[in-house]
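A.B. asks: Would you mind keeping the following structure in view while I ask a few things?
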Amino acid sequence: MTSKASPDVLVLGAGPGGLAIAAALSEENLKVEVLSANDRRDPWPYTYGIWGEEVDDLGLDHLLEHRWCNTVSYFGDGSIEPKDIANQATKHGRDYGLFDKKKLQQHWLKQCDNAHVLWHRGCASSISIEQKTSTITTTEGQKIKARLIIDATGYEPIFIKSEKSRPVAVQTCYGIVGRFNLPPVEEGQFVLMDYRCDHLSLKERKEPPTFLYAMDMGDGRFFLEETSLGLAPPLTLETLKSRLNQRLNHRGLEITSLEYEELGLFLPMNKQIPYLNQPVLGFGGSAAMVHPASGYLVGGLLRRAPITAKAIAKAMHNKEANSLQISSAGWAALWPAELRRKQALYQFGLEKLMRFEEQQLRDFFTSFFSLPNSQWYGFLTNTLSVRELVKAMVTMFINAPWNVRWGLMQMEGRELSLLWEFLKPIR
């Protein structure tokens, strides 16, 4: 489908990031077009979670497929009597939700369709930056002009430039949905992290730790996902699948009906924030918007897309503004200094956790979730101010056991450079 006049913005990609920013831009009465390799209605392969208060604040709780109020984690080693397991649970006291992926997709598509967003099928192969417009050429030879190009093509963007001096820590997951001979979790329960390791040998406990992310989906169905928090290089799917099977076998659980496998989400956790002085704007995974401490993305997309869109619309009021000036306004709104400073602190923490052994990691999370509820929630949702974030981290350090404090004090990698980025957030 082609347009007669050049759009204000051409968005590359129709995943969550692409649809979020396209919808927000259309709400600003900008003329928007989207170029994607796949049909915009194609189903998304992964699940997206969000805390209940977070989705309530956005007014989008109707987009949830499931919501749990019984939310827990397990940070013991598992070596207790089965009857005492409930007493070992860390109760979070907060609702957790799982998006209905189709509803979330339709939410953004409806906004786009109401604003008459135009859709193109194809892959961008090259870009030409002119004085006031940029031109994308597709692999099929189609040319599309726009005042601004937004690359939302994911974690390996086509046109976004960033420093690549550091190894990327990757969160990896292997998940299944199915029915079991026994309930893997309590009825109506959501398990954020289950780090119990009694199913592993002493040798395996020296290997990089993994945890179970699990939930009761209702009607006898359960979602179980073995997850590696973040490693460079990442754990393989084969390792995660083997770990999940060991966990199930140890608890006497058998799969009686397998609905589907979620074959590996490879989520970059510590990507560098892109250069902020480039004429193409990124959004979503391409703009390093994944939360380095939790892996969450969608909440950030929903909060930050309208802010970024407003900045772009304001910059476009100046008819003489070129692509670099408009893009710079978008980058400044997407990654203000405060968010860049927080990103450095989050990545500092991840750098530590990647080196923690199993016992240290379990002790770390026990201490973390002993913080006041508002502190750990704000940490995981990236809604604390810099001052509040520092206060939470200091409180956590003071109250943590010695093995955790010792691990946090050791400077064996990129910690000092990340602290410098916190003090001097320059991109």
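Here, each number is a calculation from the coordinates, and none is a lab measurement. Since the model is a prediction, treat every value here as computed from it, not as a measurement. Positions of Cβ are generated from backbone atoms using ideal geometry, with glycine treated the same way; all protein chains shown enter the neighbour counts.
A.B. asks: Let me know the Kirkwood hydrodynamic radius for the chain, please, with Cα pairs as the basis and the value in Å to one decimal.
C.D. replies: For the chain, inverting the mean 1/r across all distinct Cα pairs yields 22.8 Å.
A.B. asks: Right, another one. Give, as a single signed number, the net charge of other residues whose beta carbon lies under 10 Å from the beta carbon of W44, with Lys and Arg counted +1 and Asp and Glu -1.
C.D. replies: Net charge around W44: +1.
A.B. asks: For the chain, what is the calculated [θ] at 222 nm in deg cm²/dmol (nearest 500), taking -39500 (n - 2.57) for each run of four or more DSSP H residues and dividing by its residue count?
C.D. replies: Here the helix-only value at 222 nm equals -10500 deg cm²/dmol.
A.B. asks: When 1/r is averaged over all different Cα pairs and the result inverted, which Kirkwood radius in Å belongs to region 43-178?
C.D. replies: Numbers: mean 1/r = 0.0502 Å⁻¹.
By the Kirkwood definition, the hydrodynamic radius is 19.9 Å.
A.B. asks: Loop only per DSSP, at most 14 neighbouring Cβ atoms within 10 Å: give me the chymotrypsin sites (Phe, Trp or Tyr not before Pro) in region 15-52, ordered by residue number. Each step should come with its number before you reach the end.
C.D. replies: Details: sites: Y46, Y48, W51; in loops: Y46, Y48.
In loop regions of region 15-52 (DSSP not H, G, I, E or B), the sparsely surrounded chymotrypsin sites (Phe, Trp or Tyr not before Pro) are Y46.
A.B. asks: Once the convex hull of the C-alpha atoms of region 167-268 is built, how many Å³ does it hold per residue, rounded to a whole number? Intermediate values should be presented prior to the final figure.
C.D. replies: Numbers: hull volume 9.3 nm³, N = 102.
Enclosed volume per residue, from the Cα hull, is 91 Å³.
A.B. asks: Let me ask you something else. Please report, to one decimal in angstroms, the Kirkwood hydrodynamic radius of region 1-67 built from all distinct Cα-Cα pairs.
C.D. replies: Numbers: mean 1/r = 0.0714 Å⁻¹.
The Cα-based Kirkwood calculation yields 14.0 Å.
A.B. asks: Compute the Rg/Rh shape ratio of region 188-235: radius of gyration over Kirkwood radius, all on alpha-carbon atoms.
C.D. replies: On the way: Rg = 12.9 Å, Rh = 12.2 Å.
We get a ratio of 1.06 for region 188-235.
A.B. asks: Would you work out if region 338-423 is rounded, prolate or oblate? Take a ≥ b ≥ c from the square roots of the eigenvalues of the alpha-carbon gyration tensor; rounded if a/c is under 1.5, else prolate when a/b is larger than b/c, oblate otherwise.
C.D. replies: oblate
A.B. asks: Treating only the Cα positions of region 300-349 as identical point scatterers, give the base-10 log of I(q)/I(0) from the Debye formula at each q in 0.24 Å⁻¹.
C.D. replies: Treating every Cα as an identical point scatterer, log10 I(q)/I(0) equals -0.86.
A.B. asks: Moving to a separate point now. Tell me, what ³J(HN,Hα) does each residue in region 310-325 have, in order and in whole Hz, if you take phi through Karplus 6.51 cos²θ - 1.76 cosθ + 1.60 with θ = phi - 60° and put x for Gly and Pro?
C.D. replies: 5, 5, 5, 4, 4, 5, 6, 4, 7, 5, 8, 5, 8, 4, 5, 5
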